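The values are calculated or read from the model by the stated rules, or taken from the named source; none is laboratory data. These numbers were taken from a predicted model, which means no experiment stands behind them. Positions of Cβ are backbone-derived with ideal geometry, glycine not excepted, and every protein chain shown enters the neighbour counts.
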Amino acid sequence: MGIDWTPDADLSRLSTFRIGGRAEWLATVHTEKALRTLLSRVAAEDLRFDLVGLGSNVLFPDRGLDGLVVRLEGEFKRIRYSGSIVEVGAAVALPKLARRTAQRGLSGLEPLCGFPSTVGGAVVMNAGCYGVEIKDVLLGCRVLGRDGTPADLAVEDLAAGYRTTNLQGSGRVVVSARFRLQEGDSAVALARIEEINEKRWASLPLGQPNVGSIFKNPPGDHAGRLIDECGLKGREAGRAQISPKHGNVIVNTGGAGSSDVLELMLAAYHAVERRFGVRLEPEIILAGELRREWDESLRCQTPSPIHVTN
Ligand SMILES: Cc1cc2nc3c(=O)[nH]c(=O)nc-3n(C[C@H](O)[C@H](O)[C@H](O)COP(=O)(O)OP(=O)(O)OC[C@H]3O[C@@H](n4cnc5c(N)ncnc54)[C@H](O)[C@@H]3O)c2cc1C
């Protein structure tokens with residue numbers, strides 16, 4: 001009850017990259033009660049599970065994932081208003097939330113309207129855009145621990161930094177988040193959303209599956225600029241390509257695999273390290289075995305004599 005089970009689910013449909021093999025099971029969970037029961041079973045049986053939001057920051061492996069992939073729906077899509085405080089389910093789409101709150105004259109989420117994300121994914125990633133990070137408007141979130149035990153966390157508990165929180169890789173599931181917004185003018189907030197969307201679509205590759213920025217920006221610089229200066233825009237591996245429009249975005253030109261993306265990531269990493277002495281750090285989540293593969297590929301290469309820490 002409260003969970004729809006799909007065996008042998010196609011992971012490529014769960015990521016905006018449109019890349020990935022099969023998941024042993026996809027569990028689409030509709031209620032917190034069902035999620036608690038599921039997590040306690042998963043913990044008791046020591047099963048493997050991955051959480052997915054809109055899959056806009058994740059690379060799934062071609063060979064797929066064992067165990068469960070969990071996606072939230074149903075009651076995780078609720079929005080509740082109490083003055084300028086908004087309590088939002090983790091599965092609510094952030095652009096939709098930004099628009100809804102702007103329509104009510106509540107301001108604060110507009111800069112975060114221009115990329116695909118669930119509220120849960122954005123909290124876990126501390127997503128940000130145009131100088132605003134989600135932690136700046138977040139009061140706190142409700143999580144379920146690995147065994148399903150609930151906890152209410154304040155934003156200060158999340159150790160949120162640039163594209164990071166201590167929720168990443170912790171096995172905890174964000175079920176809802178509370179935001180404090182500012183009372184303002186609805187027309188102004190909606191106009192800002194239009195302006196931001198126009199800017200975004202001008203700078204990102206439209207219509208080609210991607211997951212936004214591949215690497216974090218090193219302090220004081222832009223990963224895209226460094227990759228561009230290495231002459232890598234347009235470089236291809238299989239059916240993946242470093243976007244000719246943005247050096248820090250890899251696009252799936254049709255039928256790309258995770259190995260194609262890793263090959264381009266390694267090419268960019270090594271070129272930037274050789275030329276600038278900067279070691280880029282992936283921003284995207286490398287799911288399953290991909291993170292180990294990435295770390296091992298770096299260990300196997302001859303290290304550069306220069307190391308600039310981020
Ligand atoms: C075109 C484009 C533009 C982008 N621009 C930006 C940008 O400007 N700024 C930015 O920060 N990002 C950007 N991104 C990246 C991405 O949109 C964000 O990281 C986003 O917040 C990810 O949300 P998601 O729901 O898709 O999470 P997913 O990609 O599904 O998951 C990301 C991580 O969060 C975990 N997770 C997801 N939901 C939960 C939950 N409820 N509880 C626990 N863990 C969870 C997953 O397990 C995974 O580890 C862009 C992506 C694209 C495709």
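Can you name the residue in region 224-250 that is in contact with a Ser or Thr (Cβ under 8 Å, 6 or more places away or on another chain) and within 13 Å of the ligand (Cβ to nearest atom) and, of all such residues, is nearest to L59 (Cα to Cα)?
In this case the residue turns out to be I250.
Does any residue of region 138-150 turn out to be of a type outside the set (D, E), near the ligand (Cβ under 8 Å from one of its atoms), exposed (fewer than 15 other Cβ atoms within 10 Å of the Cβ) and more than 16 Å from S213 (Cα to Cα)? I'd like the intermediate steps shown before the answer.
Of region 138-150, the ones of a type outside the set (D, E) are 138-146, 148-150.
From what is left, the residues that are near the ligand (Cβ under 8 Å from one of its atoms) are 143.
From the residues that got through so far, the ones that are exposed (fewer than 15 other Cβ atoms within 10 Å of the Cβ) too are none.
Checked region 138-150: no residue is of a type outside the set (D, E), near the ligand (Cβ under 8 Å from one of its atoms), exposed (fewer than 15 other Cβ atoms within 10 Å of the Cβ) and more than 16 Å from S213 (Cα to Cα).
Considering only region 166-189, I want to know if a residue exists there that is in contact with a Pro (Cβ under 7 Å, 6 or more places away or on another chain) and assigned to a strand (DSSP E or B). Break it down stepwise before answering.
If we filter region 166-189 for residues that are in contact with a Pro (Cβ under 7 Å, 6 or more places away or on another chain), which is where we start, we get none.
No.
Pull out all pairs, ordered by first then second residue, where Cβ-Cβ is under 7 Å, the residues are six or more apart or on different chains, the first lies in region 164-184 and is farther than 19 Å from E133 by Cβ, and the second is among the polar types (S, T, N, Q).
Pairs that qualify, where the first residue is farther than 19 Å from E133 by Cβ and the partner is among the polar types (S, T, N, Q), are E183/S84; G184/S107.
For residues that are touching a residue at least 12 places away in the same chain (Cβ under 8 Å) and more than 14 Å from L65 (Cα to Cα), scanning just region 286-296, find the one that is nearest to the ligand (Cβ to nearest atom). Even if it seems obvious, please write down each step before you answer.
As a first pass, look at region 286-296 and keep what is touching a residue at least 12 places away in the same chain (Cβ under 8 Å): 286-290, 293-294.
Next cut, more than 14 Å from L65 (Cα to Cα) only: 293-294.
Working: E293: 17, W294: 15 Å.
Only one residue fits best here, namely W294.
Hey, could you check region 162-175 for residues that are more than 9 Å from the ligand (Cβ to nearest atom) and under 24 Å from A93 (Cβ atoms) and say which is surrounded by the most Cβ atoms within 10 Å (Cβ to Cβ)? If you could, list the steps in order and put the result at the bottom.
If we filter region 162-175 for residues that are more than 9 Å from the ligand (Cβ to nearest atom), which is where we start, we get 162, 164-166.
Okay, now just the ones that are also under 24 Å from A93 (Cβ atoms), so 162, 164-165.
Values: Y162: 13, T164: 16, T165: 22.
Top of the filtered list is T165.
So which residues in region 67-123 are farther than 19 Å from R36 by Cα, part of a loop (DSSP other than H, G, I, E, B) and over 16 Å from the mean Cα position of the chain (by Cα), if there are any at all?
G83, S84, R104, G105, G108, L109
Out of contact with any helix residue (DSSP H, G or I) (no Cβ under 9 Å at 6 or more places or on another chain), among the basic types (K, R) and not assigned by TED's automatic domain parsing to the domain that holds L11: which single residue out of R291, R275 fits that description? Full working, then the answer.
Numbers: R275 fails: out of contact with any helix residue (DSSP H, G or I) (no Cβ under 9 Å at 6 or more places or on another chain).
Unique residue meeting the criteria: R291.
Scan region 113-136 for residues that are within 20 Å of L167 (Cα to Cα), more than 6 Å from the ligand (Cβ to nearest atom) and not acidic (D, E) and jot them down.
V119, V123, N126, V132, I134, K135
Answer yes if at least one residue in region 222-242 is touching a Pro at 6+ places or on another chain (Cβ under 6 Å), surrounded by 21 or more Cβ atoms within 10 Å (Cβ to Cβ) and not assigned by TED's automatic domain parsing to the domain that holds G53, and no otherwise. Working first, answer last.
Initially, region 222-242 is screened for residues touching a Pro at 6+ places or on another chain (Cβ under 6 Å), giving 233-234.
With surrounded by 21 or more Cβ atoms within 10 Å (Cβ to Cβ) added as a condition, the list becomes none.
There is no residue in region 222-242 that is touching a Pro at 6+ places or on another chain (Cβ under 6 Å), surrounded by 21 or more Cβ atoms within 10 Å (Cβ to Cβ) and not assigned by TED's automatic domain parsing to the domain that holds G53.
For region 182-223: of the residues being in contact with a strand residue (DSSP E or B) (Cβ under 7 Å, 6 or more places away or on another chain) and over 20 Å from L54 (Cα atoms), which is farthest from the ligand (Cβ to nearest atom)?
E183
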